[in-house]
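Trainee: I am attaching a structure below and will ask some questions about it afterwards.
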Amino acid sequence: MYDAVMAETISIAGHGGDQIEAYYARPLGPGPFGGVVVIHHMPGYDPQTKEITRTFAVNGYNAVCLNLYTREAAGASPDDAAATARARGGVPDERLVGDVGGAMTFLRSLPNSNGKVGTIGYCSGGRQSFLAAVSLPLDAAVDCYGAFVVGHPPEGTPLKAGPIVHLTKDLSCPLLGLFGAEDTHPSPEQVQELEQELKAQGKTYEFHTYEGAGHAFFAVNRPAYRPEAANDGWNRIWDFYGRYLAA
Amino acid sequence: MCTYQTEQIKVTGSGKGADGWFGLTDASVYYDHPVHAAAEHSLNIDFLNPGQGPSARVAVELTAESARALAQAIEAALASVPAGLL
């Protein structure tokens with residue numbers, strides 16, 4: 001099987017037509033392939049998130065990771081960009097939806113696209129993946145430990161994000177949720193609340209909560225990494241996308 | 001987990017970053033995931049000057065214990081300043 005991949009930095013038109021830096025990884029075969037928008041965590045558009053993006057290409061998906069902090073910090077190192085964005089309250093929801101919409105359009109326009117696009121996000125990106133799925137016509141969405149889908153950010157924080165569980169009724173696609181039982185943002189109770197709303201709205205979803213894992217259990221470069229949970233989580237992602245995004 | 005809470009203050013002074021000295025206008029203080037320190041969470045301080053762009057930043061990541069010791073050392077240093085100097 002021809003398994004060559006290509007990965008490079010490009011720019012994509014996002015919200016308001018702004019040119020957004022993006023990391024684009026794709027298989028070089030004829031396809032057709034599904035598309036994945038990778039939504040980075042709050043610490044930013046970093047080497048580990050780019051590695052995740054390449055992993056999708058290696059496994060047969062056209063993948064794009066937007067630098068959500070392009071407007072605040074184009075050209076800055078990921079941690080400097082994240083510090084600036086944090087001080088300004090993070091990424092506004094409307095802008096996120098516009099940017100992911102631009103990536104979705106880009107992926108659907110590729111000559112070897114099968115017309116299907118999903119999202120996956122980690123941490124703040126998990127909430128943003130859910131937000132994209134209630135705002136855009138997507139085919140699959142994965143939420144990895146996204147906080148504040150349910151629940152409010154702490155008092156006095158500059159963070160602009162608020163709860164969005166009330167938008168569950170608008171979910172456009174199946175949702176896979178992967179969470180750690182020891183996480184407090186989101187807590188198991190908050191995950192249950194989201195699950196109840198998904199049931200009430202008759203949505204297609206699969207949730208898995210891993211014992212012995214907390215927040216950021218997919219992060220290979222952090223003490224939070226939990227290989228068992230991450231390995232099982234990746235298998236569930238391939239199974240889920242295989243059903244909803246593959247040709 | 002990502003804690004999201006951020007203390008923000010205005011500061012006056014100077015900091016030495018990757019490209020040398022620059023004037024400081026702001027500081028963010030938060031207990032959250034570090035980028036470099038080997039811990040799940042750390043007390044992070046960003047000394048910033050937004051007007052000079054995101055790379056105008058001096059960043060530190062400390063254990064909670066170190067951060068408390070630093071806070072005490074700051075108070076002690078200021079308390080020991082001779083009369084009339086402050």
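Trainee: So, by mean Cβ neighbours within 10 angstrom, what's the order for A:85-92, A:229-236 with the highest one leading?
Mentor: Descending mean neighbour count gives A:85-92, A:229-236.
Trainee: To make sure I understand the rule: partners must be lysines, Cα under 23 Å from the Cα of A:Lys169, and not fewer than 8 residues away in the same chain. Which ones qualify?
Mentor: Once the sequence-local lysines are set aside, what remains near A:Lys169 is A:Lys116, A:Lys160, A:Lys199, A:Lys203.
Trainee: Pick out, from B:Ala39, B:Ala73, B:Ala56, the residue whose Cα sits farthest towards the positive end of the charge dipole of segment B:7-79, with +1 on the Cβ of Lys and Arg and -1 on the Cβ of Asp and Glu.
Mentor: Toward the positive end, the furthest listed residue is B:Ala56.
Trainee: Can you tell me how much longer the chain between A:Ser172 and A:Asp239 gets when fully stretched, taken as 0.36 nm per residue apart minus their C-alpha distance, in nm with one decimal?
Mentor: 22.2 nm
Trainee: Helix-only estimate, please: 222 nm mean residue ellipticity of chain B, summing -39500 (n - 2.57) across DSSP H runs of length 4 or more and dividing by its residues, to the nearest 500.
Mentor: Theoretical 222 nm ellipticity from helices: -6000 deg cm²/dmol.
Trainee: Also, I was wondering about something else. Given Cα pairs under 8 Å that are at least 6 residues apart, what percent is the relative contact order of segment A:71-202?
Mentor: Value for segment A:71-202: 21 percent.
Trainee: On alpha carbon coordinates alone, what is the Rg over Rh value for segment A:5-244, Rh being the Kirkwood radius?
Mentor: Looking at segment A:5-244, the ratio lands at 0.93.
Trainee: Given the DSSP H assignment, sum -39500 (n - 2.57) over each helix run of at least 4 residues in chain A and divide by its residue total; what's the result at 222 nm in deg cm²/dmol, nearest 500?
Mentor: Using -39500 (n - 2.57) per qualifying helix, the result is -11000 deg cm²/dmol.
Trainee: What size of dipole, in debye to the nearest 20, comes out for the protein assembly as shown about its Cα centre when the only charges are +1 on Lys and Arg C-beta atoms and -1 on Asp and Glu C-beta atoms?
Mentor: 660 debye
Trainee: On to the next question. I need the shape label for segment B:7-79. Rule: rounded when a/c is under 1.5, else prolate if a/b > b/c, else oblate, with a, b, c from the alpha carbon gyration tensor.
Mentor: oblate
Trainee: Rg over Rh of segment A:123-247, using C-alpha atoms and the Kirkwood radius, what does it come to?
Mentor: 0.95
Trainee: In chain A, what % of DSSP beta bridges are antiparallel (nearest 5)?
Mentor: Percentage antiparallel, nearest 5: 35.
Trainee: Given axes a ≥ b ≥ c from the Cα gyration tensor, I'd like to know whether segment A:208-247 is rounded (a/c under 1.5), prolate (a/b larger than b/c) or oblate.
Mentor: Prolate.
Bear in mind that the values in this text are calculations on the coordinates, not laboratory data. This is a predicted model, so every value here is computed, not measured. We place every Cβ from the backbone using ideal geometry, glycine too, and count neighbours over all the protein chains shown.
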